[in-house]
Amino acid sequence: MRKIKFTKMHGCGNDYIYVDTTQYPIADPVTAAIQWSDRHKGIGSDGLVLIGKSPIPEADFTMRIFNADGSEAMMCGNASRCIGKYLYEKANPWSLPVREADGYLEAEIRLLTLSGIKRLHLHIVNESVESVTVDMGEPVLEDDKLFTPNLSTPLPHREGQGVGLFVSMGNPHYVIFTDDVDQVETKGRALEVHPAFPQRCNIEFASPLPSEGQGEASIRTRVWERGSGITQACGTGACATAVAAALTGKAGRTSQIVMDGGTLSIEWRESDNHVYMTGPAAFVFDGEITAP
């Protein structure tokens, strides 16, 4: 029976199992994700992330993400930050080039995902990746392959029924502004599979926190992730929430998204219309497990 070495990491509590497929190819990632993500009988995680070398010169590495239910995700902001830390600290035989930047070192990685190439900017202090900024690209507000709201089944929290906005960050999100973010526990599952979302959807319940002075807006957010259920954090969900908050006047172009597992800094930059996400990544433990 073949043994697979893995590393468990998390970004603001959003935890995944990471495998370097250049050394340990995974023949059946769907089964592996389901078995290994089980928090009672497996390693325990929100899913499985496979790291590989890019087949195209425009990118350096690839990322494939399989949720805890075995479904393949298009993109994950927290996982991409963790990959940046993994590649620099644990796998730097690849010798990522670094440069000096305002008192720290910086490295860049071009990561190929199902949502295109994402650029990771690693902020390095004392040979450790302290945080990672990810260029998440432009938000998409209309996509009939992901969102078809004009159905006989009403979708709650549309304009006139509260505030609910669709935002795609390479994967679909539906952001609901409410005073009760804990509704995610009772309503998230049904909304994920609502007919308005042909490919299911990630659901965010968000509430602006009281402002202190003229600083950046802070928004308390809880997430139901497509294929994983409630998670501690979601990078693309934080980006979608920040965009929705800016569009509805609840925040400016920069905001702090406060999730169950930690806080992410989001900037929706006017100069290029791209969303930039900055946050930490952390190792949990290394291990070895039998391939399915």
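The values are calculated or read from the model by the stated rules, or taken from the named source; none is laboratory data. Just so it is clear, the structure is predicted and the values come from calculations on it, not from any experiment. In this analysis, Cβ positions are derived from the backbone assuming ideal geometry, glycine residues included, and neighbour counts consider all displayed protein chains.
Okay, here's what the table says:
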read-out: Subset tally (residues that are surrounded by fewer than 18 Cβ atoms within 10 Å (Cβ to Cβ) and under 21 Å from residue 170 (Cβ atoms)) for region 240-259; value: 3
read-out: Of all residues making up region 228-285, the number that are of a type in the set (Val, Ile, Thr) and under 18 Å from residue 131 (Cβ atoms); value: 9
read-out: Top-ranked residue in region 107-155 [being hydroxyl-bearing (Ser, Thr, Tyr) and in a loop (DSSP other than H, G, I, E, B); ranked as nearest to residue 194 (Cα to Cα)]; value: 153
read-out: Region 6-30 residues that are at positive phi, paired with ones that are in a strand (DSSP E or B) (beta carbon under 7 Å, 6 or more apart); value: 12/259; 12/262; 12/264; 12/279; 13/262
read-out: Meets criteria (closer than 12 Å to residue 176 by Cβ and surrounded by fewer than 24 Cβ atoms within 10 Å (Cβ to Cβ)) for residue 211; value: no
read-out: Residue list for region 35-59, restricted to those being out of contact with any helix residue (DSSP H, G or I) (no Cβ under 8 Å at 6 or more places or on another chain), surrounded by 16 or more Cβ atoms within 10 Å (Cβ to Cβ) and in a loop (DSSP other than H, G, I, E, B); value: 59
read-out: Condition check for residue 85: within 21 Å of residue 285 (Cβ to Cβ) and modelled with pLDDT under 90; value: no
read-out: Residue match in region 132-140 (condition: among the polar types (S, T, N, Q), outside the structural domain of residue 264 (by TED's automatic domain parsing) and at pLDDT below 95); value: no
read-out: Residue count, region 171-230 (criterion: in a loop (DSSP other than H, G, I, E, B) and either under 18 Å from residue 65 (Cα atoms) or touching a residue at least 12 places away in the same chain (Cβ under 8 Å) (or both)); value: 17
read-out: Index of the failed condition, residue 271 passing every other in (1) among the hydroxyl-bearing types (Ser, Thr, Tyr); (2) outside any loop (DSSP other than H, G, I, E, B); (3) surrounded by fewer than 18 Cβ atoms within 10 Å (Cβ to Cβ); value: (2)
read-out: Members of region 125-140 that are touching a residue at least 40 places away in the same chain (Cβ under 8 Å) and on the phi < 0 side of the Ramachandran plot; value: 129, 130, 131, 132, 133, 134, 135, 136, 138, 139
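Rundown of residues vs (1) charged (D, E, K, R); (2) modelled with pLDDT under 95; (3) closer than 18 Å to residue 266 by Cβ; (4) surrounded by fewer than 24 Cβ atoms within 10 Å (Cβ to Cβ), yes/no style:
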| residue | (1), (2), (3), (4) |
| --- | --- |
| 150 | no, yes, no, yes |
| 155 | no, yes, no, yes |
| 222 | yes, no, yes, no |
| 227 | no, yes, no, yes |
| 233 | no, no, yes, no |
